[in-house]
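The values are calculated or read from the model by the stated rules, or taken from the named source; none is laboratory data. What you see is a predicted model, and the numbers here were worked out from it, not measured in a lab. Every residue, glycine as well, gets a Cβ built from its backbone with ideal geometry; the counts of neighbours run over all protein chains shown. Remember, those area values only see protein heavy atoms, side chains included, never the ligands or the DNA or RNA. Shrake-Rupley method; radii C 1.70, N 1.55, O 1.52, S 1.80 Å.
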Amino acid sequence: MKKVGIIGLGEYLPKRVLTNAELEKMVDTSDEWITTRTGIKERRIAADSEATSDMALIAAREALEQAKLKPLELDLIIVATITPDMPLPSTASILQNALGAKHAVAFDISAACAGFVYALSIAQQFIARGSYRNALVIGAEKLSSVTDWKDRNTCVLFGDGAGAAVLSEVHSGGILSTYLGCDGSKTELLNQPAGGSRKPATAKTLEAREHYVKMQGNELFKIAVKTMTEAAETVLKQAGLTFKDVDLIIPHQANARIILAVGKKLGIDEEKIFLNIEKHGNISSASTVTALVEAVRSGRVKKGDIILLDAFGAGLVWGACVIKW
Ligand code: ACO
């Protein structure tokens, strides 16, 4: 089995900033409530003309440049998203064409906020076994397109953006272990009821606002803390490491209180936890990867560091990954 690592990273965030103050004018909420309950101050919102693949393309180009690879050298593209450009074809196919990566196999995966960790794990298997050499793994979302801007329970939480990672064989460090999980018995806690084969779009589903994300946040909160804690413990054990070895935890950014509660349960100092939720809100599959990009860019991750990605989302699904940088 080959060692597999991330050799390039990229990110794209739309220009438009939506602040808590603006949300105060849209729904019955306050900057104080949003800040204390979630840690979010602002989030980015894509332009009407920007689709998920447009954001993914910009992030992908940056990651390829950093990896010093040409699009034609890509063998595999995986896009993790719950907001594809359209139900078919896949956003990965659209991206493959836009990039000019015509030798790459391309497909989407749907694993909500754990999507990037799921996709990373899939790409790692292909490269480790020698099936493919270079993979592009994307987490990209236009959550603003499925957000009910009249529902204060959800509209204050989400944002748009994309992150990209190029994976290839490395000779030192790389991905040390991955751990994925799913509990499909709780799909009612977080879903988008209409627009699929269960409830195709009709005037009635539109009127009932069933094409927007519905969430029972309070129930999810408790499960997220428990599950992310267990996932972090399991993946570290698999890697033969302990929390003392970890230099930085880069978690999915759904709620600062969830993240800090996980840190507390694990007995990890707050300075070892990366948070960027304040500026981006929850970008689902793009959240963990953009946090990784920003942690590396800001110098919080240095060569040789042990980092732990830890994500949880609708499904319910979860995924964790230990990487030696
Ligand atoms: N402004 C003001 N009040 C609000 C708002 C708002 N934006 N939203 C909800 N409230 C009210 C509620 O109506 C409720 O009022 P009530 O007591 O009169 O009924 C009160 O605030 C408390 O509501 P809770 O839901 O208990 O608030 P909580 O502290 O749990 O915070 C939140 C809600 C932020 C959603 C939190 O539960 C959370 O982050 N949950 C986890 C989300 C998550 O991890 N999702 C999975 C990943 S996302 C994905 O996969 C796409």
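Some points to look at:
- Listing of helices (runs of 4 or more DSSP H) fully contained in segment 1-102 that carry 2 or more residues being of a type in the set (S, T, N, Q) and over 17 Å from Gly281 (Cα atoms): 52-67, 91-99
- Of all residues in segment 25-44, exactly one satisfies the criterion of being open to solvent by less than 60 Å² (accessible area, probe 1.4 Å) and either at positive phi or out of contact with any helix residue (DSSP H, G or I) (no Cβ under 8 Å at 6 or more places or on another chain) (or both), namely Gly39.
- Selection count where residues are away from the ligand (no atom under 16 Å from the Cβ), assigned to a helix (DSSP H, G or I) and of a type in the set (Asp, Glu), scope segment 201-238: 2
- Look at segment 216-231: where a residue is under 23 Å from Thr178 (Cα atoms) and of a type in the set (Gly, Ala, Ser) and a partner is within 9 Å of the ligand (Cβ to nearest atom) and outside any helix (DSSP H, G or I), sitting 6+ places away or on another chain with Cβ atoms under 7 Å, you get Ala224/Ala254; Ala224/Phe312.
- Residue count, segment 213-225 (criterion: within 19 Å of the chain's Cα centre (by Cα) and either at pLDDT below 95 or open to solvent by 40 Å² or more (accessible area, probe 1.4 Å) (or both)): 4
- Identification of helices (runs of 4 or more DSSP H) wholly contained in segment 247-325 with 2 or more residues that are outside the structural domain of Lys15 (by TED's automatic domain parsing) and among the β-branched types (Val, Ile, Thr) yields 256-266, 285-297.
- Test: Ala254 is of a type in the set (A, V, I, L, M, F, W, C), within 16 Å of the ligand (Cβ to nearest atom), under 18 Å from Ala162 (Cβ atoms) and crowded, with 22+ Cβ neighbours inside 10 Å: yes
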